[in-house]
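Derivation of every value follows stated rules applied to the coordinates shown; laboratory data play no part. In this text the structure is predicted, and so the values were computed from the model without any measurement. Positions of Cβ are backbone-derived with ideal geometry, glycine not excepted, and every protein chain shown enters the neighbour counts.
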Amino acid sequence: MPSNPFEDQLAEQIAALRRYALVLTRSRTEAEDLVQDCLAKALSCADQWQPGTDLRAWLFRILYTCHVSLLRKQQVRARAQQGEVPETSADPEQPRRLEVKRVLSALDRLPAAQREAIVLVALEDMKYEDAARRLGIPVGTLMSRLARGREALRRLMDEGVRPRLRLVGGKS
């Protein structure tokens, strides 16, 4: 049976999706479920992905959207079962999740070149040389993009950037 190029590329991204899901959920079980939801949605919407565009970014956007949808469903269920939940019984992980959303939203506002450099080095834990090779740029250029990106990220976080939700395939 001939292999499907889309599915082959998709399979190459699973480890990165797992790491990202773990950052979002802080639970291996929830992260695995989230990755499964993401992959199912990606496969069902494969015709919407445009070859030549960044598959990883498309998949991360799907994963994040699935995560936000799941959080909303959980909140609705909790409210329906218990009425309005008092602030004292809020999810103890909520502050961390909100901070992750703030960081991801700020990261989303960076220029693509800076965002790619930060994601490869910080999220993918790549060495500078490997990240530079992957982006097809000199190591010095990568380091410059990292420095500018980190500074811009700090400024955005200091400004109290609020999360922006983006729909898969939509504009923010």
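Placing a pseudo-label 7 Å from each Cα along the Cα-to-Cβ vector at GLN82 and LEU70 gives an inter-label distance of 2.0 nm. By other beta-carbon atoms within 10 Å, ranking VAL100, VAL139 with the fewest at the front produces VAL139, VAL100.
This model, with +1 at the C-beta of Lys and Arg and -1 at the C-beta of Asp and Glu, gives the chain a dipole about its Cα centre of some 560 debye. The stretch between ASP125 and GLU93 holds 9.1 nm of extra length on full extension. This uses 0.36 nm per residue minus the Cα-Cα distance. Between GLU12 and ARG155, the distance separating the two model label sites (each 7 Å from Cα on the Cα→Cβ line) works out to 3.4 nm. Pick from VAL76, VAL121, VAL103 the residue whose mean-square fluctuation is largest in a GNM of the chain, springs joining Cα atoms under 10 Å. Its mean-square fluctuation being the largest, the pick is VAL76. Where only DSSP H runs of four or more residues are counted, the chain gives -21500 deg cm²/dmol as its mean residue ellipticity at 222 nm, each run worth -39500 (n - 2.57). Between ARG19 and ASP54, what's the calculated FRET efficiency when r is the beta-carbon distance and R0 is 22 Å? Round to 0.05. The formula returns an efficiency of 0.85 here. The fewest-to-most ranking of ARG109, ARG148 by surrounding Cβ atoms within 10 Å reads ARG109, ARG148. Ranked by the mean number of other Cβ atoms within 10 Å of their residues, highest first, the peptides 53-59, 42-48 come out as 53-59, 42-48. The loop-placed GluC sites (Glu not before Pro) in segment 89-134, going by DSSP, that have at most 13 neighbouring Cβ atoms within 10 Å of their Cβ come out as GLU93. The computed semi-axes √(5λ) of the Cα gyration tensor in Å for the structure shown corresponds, within (i) 44, 19, 12; (ii) 29, 23, 14; (iii) 30, 22, 17, to (ii).
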